[in-house]
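Right, one structure below, let's go through it.
The values are calculated or read from the model by the stated rules, or taken from the named source; none is laboratory data. Just so it is clear, the model here is predicted, and its values are computed rather than measured. FYI the Cβ positions are ideal-geometry reconstructions off the backbone, even for glycines, and counts take in every protein chain you see. Protein only, heavy atoms only, side chains kept; ligands, DNA and RNA dropped before computing areas. Shrake-Rupley method; radii C 1.70, N 1.55, O 1.52, S 1.80 Å.
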Amino acid sequence: MQGSVARDSARQTQETARSRSLQILGTLCGFTAGAWLGAAEAPTKLVTIGISPVVISLIMVIGVFLARWSLPALVMGTSSVRADVRRAPHLVLWALLAGCLWAVANTLTIFAIRDIGLSIAFPLWNSNSLLGILWGCLFFNELRQAGRRRWMGVVGGAAVMCVGAAFLASASAAQAPVSAHALNGVWAALGAGILWGTMYIPYRKAYLTGMNPLAFVTIFTFGELGMMTGLAVAYTGMGPLWMELLNARAVMFWLMLGGFIWVIGDLFQQYAAKYVGISRGIPLSNTNQLWGLLWGVLVFGELHGKGSGAHIEVVGGSLLMMLGVGAIALSSATGKEQIRWRDAAQRESVRYGIPADYLEARLDGRRAASETEPRRSVLDWSLVAVATSILVGFASIARVPEFSFRWGPAAVLTIATLFLLLVCGERLWRTTRFH
């Protein structure tokens, strides 16, 4: 009897330690996602030749498409993607839907940037943090029985981040010209925030069902590219679209690179949503605005010549965002809340006939006993080679437009971003083997 009690106690202690480790991992993934999503803005700063917003979005999505196929093939192999799809075929439709939502939202952001500027549009669409908290609570039992302190930490932290983002927007937009279509830009940015916040419903649904984030984003990209191509053709016309693409070929590499960098950040965002939920993962990854500001101010000199008031707003807004992030990071899910998460996962398992052992293993970030070790095939290496060749080919004809650029701060930010990639990637591999 005592031996049984001791074993139960040891197992419970092990499960608690594992849960805590996954919570820390998810938080770290959120921070890393913010750094890479912020860095993805830097290549787009190079393009100042008046390319159509729809064409810019299409070129970025092409880069995203290359990354979403080559990176999963390199890390896990396409056999792992096929196995996940066979176990949960219903998620293919959800992934396609998420991709369509992303494409429309990304296009809206570019129109918003055109009409009101990046600095004002950014905090408007980052309101998706609050929407993510709402959806996570309503549909996936997040923050249920979490306690008042954690509720205040997550909701209050997200609200403080939004206030800090508004300060940053005010600082960087003080001397920005007002567009005649400013109201349209505001609505476009808010619409993008709504679509991006809603897009996380399929994400969380997929990960509660056990699908690997690498598999989900691979299917996701078909909806993404298909919707974006349809939007571009409908908005521009086939002939004019082709001519704009030809005229933009000298800078296509930079936009594709931005899409590729964005995917790395998005993958870490996926793992954050998987292990800490969308109510925490979205606000943590929305620190990309802080990283984007660092690139804009330190590398591109966006606040050069501005008054002390703008700099005070930058410092104040940055501190508020850091305070909000800290509150969310310290509000990890408790055991009672995680039980409610598993209730939501069990509901998905029963609804779609997902094996219980597979679901339990994937929720714990490990490979199920019924799964085979993923292997890379000739097809996988071919996908990596094709994606690399396309990027190298466009890089060989790329032209760098004239712009103000500071190499020292750029090197520091690049090193910091790569450091987060290595640290988080190593921990993700050691803890979950990317499951």
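Worth pointing out:
- Test: residue in the range 232-243 that is closer than 26 Å to T417 by Cα and out of contact with any strand residue (DSSP E or B) (no Cβ under 7 Å at 6 or more places or on another chain): no
- For the range 140-166, filtered to residues that are of a type outside the set (K, R) and farther than 17 Å from I282 by Cβ, the residue that is surrounded by the most Cβ atoms within 10 Å (Cβ to Cβ) is A166.
- Only listed residue being open to solvent by less than 90 Å² (accessible area, probe 1.4 Å) and modelled with pLDDT of 85 or more, chosen from L422, L359, L363, L428: L428
- Cβ-Cβ distances below 8 Å connect the following pairs, each with a first residue in the range 137-160 that is in contact (Cβ under 8 Å) with a residue 40 or more places away in the chain and within 16 Å of S127 (Cα to Cα), a second residue that is in a helix (DSSP H, G or I) and among the charged types (D, E, K, R), and a separation of six or more residues or different chains: V154/R280.
- Test: residue in the range 281-297 that is crowded, with 24+ Cβ neighbours inside 10 Å and at positive phi: no
- Scanning the range 237-272 for residues that are open to solvent by 30 Å² or more (accessible area, probe 1.4 Å) and not in a helix (DSSP H, G or I) returns a single hit, R249.
- Residues that are touching a residue at least 60 places away in the same chain (Cβ under 8 Å), in a helix (DSSP H, G or I) and of a type in the set (G, A, S), drawn from the range 346-375: S349, A361
- Residue in the range 326-345 that is assigned to a loop (DSSP other than H, G, I, E, B) and more than 25 Å from the chain's Cα centre (by Cα) present: no
- The number of residues in the range 376-418 being outside any helix (DSSP H, G or I), under 19 Å from V251 (Cβ atoms) and open to solvent by less than 80 Å² (accessible area, probe 1.4 Å) comes to 6.
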